[in-house]
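Engineer: Take this structure first; my questions come after.
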Amino acid sequence: MSSTPTIGVLALQGAYEAHAAMLRQLGAKGVLVRQPEDLANLDGLIIPGGESTTFLKHLERAGFFDALSTFVQQKPTFGTCAGAILLAKDVTNPPQRSLGAMDITVERNFYGRQNDSAILSAPTTLPGGPLEMVYIRAPRIAHIGPTVETFASRGDDPTLVREGHLLAATFHPELGHDLRIHQLFLDMVTKSKTA
């Protein structure tokens, strides 16, 4: 069995190629996922940003939503921006369907329109100093459950969180130069493979 993890990147919209490039930089194999059957044999999955309602429209075909729901319950999954919305148990502003996998409540488009986008630097519990965070029409994590760990925040709002085998960021780490979050996810995947 190969020790190199195979990570899928949901390639329906968003900067999926940027995620795949970061995975390659870290020595992982990035596979673009466009059909439910592409989820087979993956060690983990990244759900990138984009527009969450558009994601849902794509996922309604060919049983993709159900296949993805089963996958995220069992295997390491990392959601960024719209991906974080899809992982959340509760979604507001307005409410919408989600995978309901992670004990977080996410408020859509909290930080405004496209022209309100920002690149910020914030402290993190990850080693290596402050974390660069690229926000584009970002959601806000309004609530986290008791088993959710916070790695970084924007003010009082968590921006990078983990619950078990699930990781979520309200920003776009793939659009920056910091590889630490993708490395964290790869470490989660490697640990899951050897468990």
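Read the figures in this text as sums done on the coordinates, not as results from a lab. Model, not experiment: these values are computed from the prediction. When we count neighbours, we look across all protein chains shown, and the Cβ atoms used for this are built from the backbone with ideal geometry, even at glycine.
Engineer: Considering the options PRO130, ALA11, ASN93, tell which one lies farthest towards the positive end of the dipole of segment 6-194, charges being +1 on Lys and Arg and -1 on Asp and Glu at the Cβ, about the Cα centre.
Structural biologist: Of the listed residues, the answer is ALA11.
Engineer: Taking 8 Å as the Cα distance limit and 6 or more residues as the minimum spacing, I'd like the relative contact order of segment 6-194 as a percentage.
Structural biologist: 19 percent
Engineer: With respect to the cross-link table entries LYS29/LYS89; LYS57/LYS89; LYS29/LYS57; LYS29/LYS193, which display a Cα-Cα separation exceeding 21 Å?
Structural biologist: LYS29/LYS89; LYS29/LYS57
Engineer: Another question about this same structure. Most mobile of PHE151, PHE185, PHE171 per a Gaussian network model of the chain (Cα springs, under 10 Å)?
Structural biologist: Ranking PHE151, PHE185, PHE171 by mean-square fluctuation puts PHE151 first.
Engineer: Using Cα springs under 10 Å in a Gaussian network model of the chain, which residue among LEU167, LEU86, LEU42 shows the largest mean-square fluctuation?
Structural biologist: LEU42
Engineer: Would you give the gap between the C-alpha center of segment 101-164 and the C-alpha center of segment 21-87, rounded to a whole Å?
Structural biologist: 19 Å
Engineer: Still on this structure, please answer the following. Show me, for segment 148-157, the HN-Hα J-couplings you get by feeding each phi into the Karplus relation (A = 6.51, B = -1.76, C = 1.60, θ = phi - 60°), rounded to Hz, glycine and proline as x.
Structural biologist: In residue order, the calculated couplings are 9, 9, 9, 9, 7, 9, 10, x, 8, 9 Hz.
Engineer: I'm spelling it out carefully: the read-out is percent of Cα pairs over 21 Å apart, the candidates are [x] 45; [y] 58; [z] 68, and one was derived from this structure. Which label?
Structural biologist: Only one option fits the structure, namely [x].
Engineer: Need the full-extension length gain, LEU56 to ALA21, defined as separation in residues times 0.36 nm minus the C-alpha distance. One decimal, nm.
Structural biologist: 10.1 nm
Engineer: For ASP156 and SER117, calculate 0.36 nm times their separation in residues minus their Cα-Cα distance, and state this gained length in nm to one decimal.
Structural biologist: Residue separation times 0.36 nm, minus the Cα-Cα distance, leaves 12.2 nm.
Engineer: Then there is this: Using only alpha carbon pairs under 8 Å that are at least six residues apart, calculate the relative contact order of segment 1-98 and give it in whole percent.
Structural biologist: For segment 1-98, the relative contact order is 27 percent.
Engineer: Return the single residue from HIS177, HIS58, HIS19 with maximal mean-square fluctuation; model: Gaussian network over the chain, springs between Cα atoms under 10 Å.
Structural biologist: Greatest mean-square fluctuation among the candidates belongs to HIS177.
Engineer: Taking the number of other C-beta atoms within 10 Å as the exposure measure, put ASP66, ASP103 in order starting with the fewest.
Structural biologist: With the sparsest Cβ surroundings first, the list reads ASP66, ASP103.
Engineer: In nm, to one decimal, how far is the modelled label at GLN74 from the one at GLU37, with both set 7 Å along Cα→Cβ?
Structural biologist: 1.8 nm
Engineer: I've got another one for you. Using unit Cβ charges (K, R positive; D, E negative) and no other charged atoms, how large, in debye to the nearest 20, is the dipole of segment 68-177 about its Cα centre?
Structural biologist: 280 debye
Engineer: Only helical DSSP H runs with n ≥ 4 go in: add -39500 (n - 2.57) per run for the chain, normalise by residue count and round the 222 nm mean residue ellipticity to 500 deg cm²/dmol.
Structural biologist: -7500 deg cm²/dmol
Engineer: Mind sorting MET22, MET188 by how few other Cβ atoms lie within 10 Å of their own Cβ, fewest first?
Structural biologist: MET188, MET22
Engineer: If you place +1 on the Cβ of every Lys and Arg, -1 on the Cβ of every Asp and Glu, and leave all else neutral, what size is the dipole of the chain about its Cα centre, to the nearest 20 Debye?
Structural biologist: Using only the charged Cβ atoms, the result is roughly 220 debye.
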